[in-house]
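Where a number appears in this text, it was derived from the coordinates with a stated rule and is not lab data. Only a predicted model underlies this, so the values are computations on that prediction, with no experimental measurement involved. Backbone-built Cβ (ideal geometry, glycine too); neighbour counts: all protein chains shown.
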Amino acid sequence: MIELKDVSYARLGAPDLEQAEAFATRCLGLQVAERSAKALYLRSDDRAHTLCYVEGDPQDQTVAFEIDDAGQLDAAAGTLEGLGHGVHAGTAGECAARKVKAFIAFKDPTGNQIELVVRPDRSGRRYFPTRDAGITGFSHIGLNTTDPRRDERFWTQVCNARVSDRIGDIALMRVNAIHHTMALAPASGPGIQHINHQVASNDDVLRSFYHLAEQNVPIVFGPGRHPTSGARFLYFLGPNNMVFEYSVGVDAIEDEASHRPRQFGFEPSSLCMWGSKPGGAIPLPPS
Ligand SMILES: O=C/C=C/C(C(=O)O)=C(/O)C(=O)O
Ligand SMILES: [Fe+2]
């Protein structure tokens, strides 16, 4: 079994790094860790980076998960190869570009680009963004799936993901005590469906709602509260239509052994207990 410990970073292709930087710093509230002509590294917590925009095609989207050590990385490569997944071991240059000691890259059954990393860099400096969005860290991702049952089997039986809850066929899966680190969202092809950052308080969610609306950032869902994890949330669009989420108050799974996934219907009330519906925000009064 491949033992995922946590989500580590997302790498997104972007044709316009300046636009990505403006969004990340003025809207989302990340800290620029490093910038070069071809890449922009962003921090959201004590890690050296958790999001990297790389000059290129926005369809090029990768998510990385941390595993414990090099021995487990070798074993993971063997397991994946045995199952017919092509595995690429990161070169020294590729490891440096990801700020990790070692990694392997492969595609999940939908074709999502996944990296497993060992010893991602931490920063000795405190995370200190230019905009105070109250972010406490990169927490989970939504991953597209073209076959939810197949991909749930892959993540739970090959990796150590456990289903915390399901909404219709959307599995919310954990790899540690946090309610979910990944959510599988039915789609017609691979890709990252959304990127979540936790914030410190309900106030942060609502402050950002007004801030983002003022910056003309499209709000696509919320403010609301998920019945599944209990989190208060806000979803909005970033560069190249990537969906970002702020949330606060995601449940922890208290007792790993006794937790049973709950089944929610695929309907608006399963997505938000306050009545918000995906696709539209509360209209703001004219200023
Ligand atoms: O629309 C449902 C989303 C549920 C949750 C949650 O329970 O927190 C998410 O954050 C998610 O799937 O992204
Ligand atoms: Fe989410």
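Worth a mention:
- Summed over qualifying helices (DSSP H, 4 residues or more, each -39500 (n - 2.57)) and divided by its residue number, the chain shows a 222 nm mean residue ellipticity of -4500 deg cm²/dmol.
- For region 154-228, alpha-carbon Rg and Dmax in angstrom: 14.9, 45
- Here region 135-271 yields Rg over Rh of 0.96, to two decimals, using C-alpha coordinates and the Kirkwood radius.
- Spin-label pair ASP57/HIS259, simplified geometry with 7 Å Cα→Cβ offset, distance in nm: 3.6 nm
- Region 113-169: trypsin sites (Lys or Arg not before Pro) falling in loop per DSSP and having at most 13 other Cβ within 10 Å: ARG125, ARG126
- Full extension of the chain between LYS107 and GLN157 gives 16.4 nm of extra length, using 0.36 nm per residue less the Cα-Cα distance.
- With at most 11 other Cβ atoms within 10 Å, longest stretch of the chain clear of loop GluC sites (Glu not before Pro) (DSSP): 1-253
- For region 10-65, the spread of Cα coordinates along the three principal axes comes to 28, 27, 19 Å, biggest extent given first.
- Diffusion of region 6-118 by Stokes-Einstein, at 4 °C in a medium of 1.567 mPa s and with Rh set to the Kirkwood radius over alpha-carbon pairs, works out to 88 µm²/s.
- The magnitude of the dipole of region 140-287, with charges of +1 and -1 set on the Cβ of Lys/Arg and Asp/Glu and taken from the Cα centre, is near 220 debye.
- Positive-end residue of ALA37, ILE178, PHE23, charge dipole of the chain with Cβ unit charges: PHE23
- Size check on the chain: the Cα extents along the three principal axes, sorted descending, read 59, 46, 34 Å.
- Placed amide H near SER8: partners under 5 Å, 5+ positions off or other chain: ALA64, PHE65, GLU66
- Of all beta bridges that DSSP places with both ends in the chain, some 65 percent have antiparallel geometry.
- In this structure, LYS38 and ASN241 have a Cβ-Cβ separation that, at R0 = 30 Å, corresponds to a calculated FRET efficiency of about 0.85.
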